[in-house]
Amino acid sequence: SKHCVNLDSRTANVAVKPFELDMGFQFELHVTVSGKKINVSEIPELPIPKDWMRDKLELNFYKTEQAAGGGEIENVTYTQGSGTAVITFLKPG
């Protein structure tokens with residue numbers, strides 16, 4: 001748990017200490033699907049930054065090409081106040 005780190009020709013002794021991560025959130029989404037975009041609605045208001053929610057949405061809808069219903073994400077537009085998002089894929093599918 002103790003380490004010695006060299007920083008700009010100086011040595012610092014550091015120790016690793018455990019910490020707890022905040023609990024995750026589980027929520028239900030309603031989705032409308034088209035060729036390349038999906039509209040997501042009824043996204044609950046959560047006490048997390050807008051960028052985090054956008055990242056969570058992107059991870060939720062990104063899937064490898066072998067899995068049905070997903071793919072590489074081109075863009076995620078999340079509107080925090082209305083609880084909606086538009087996810088745009090690189091390829092229609």
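The values are calculated or read from the model by the stated rules, or taken from the named source; none is laboratory data. None of the values given here were measured: they were computed from a predicted structure. What goes into the accessible areas is simple: the full protein's heavy atoms, side chains included, and nothing from ligands, DNA or RNA. Shrake-Rupley method; radii C 1.70, N 1.55, O 1.52, S 1.80 Å.
For the range 8-18, a residue qualifies if it is open to solvent by 100 Å² or more (accessible area, probe 1.4 Å) and modelled with pLDDT under 80, and the qualifying residues are LYS17, PRO18. Counted as qualifying within the range 19-93 are the strands (runs of 3 or more DSSP E) with 1 or more residues that are modelled with pLDDT of 75 or more, namely 37-41, 73-79, 84-89. Among the residues of the range 3-24, what is the count of those that are farther than 30 Å from ASP55 by Cα and under 27 Å from the mean Cα position of the chain (by Cα)? Count: 0.
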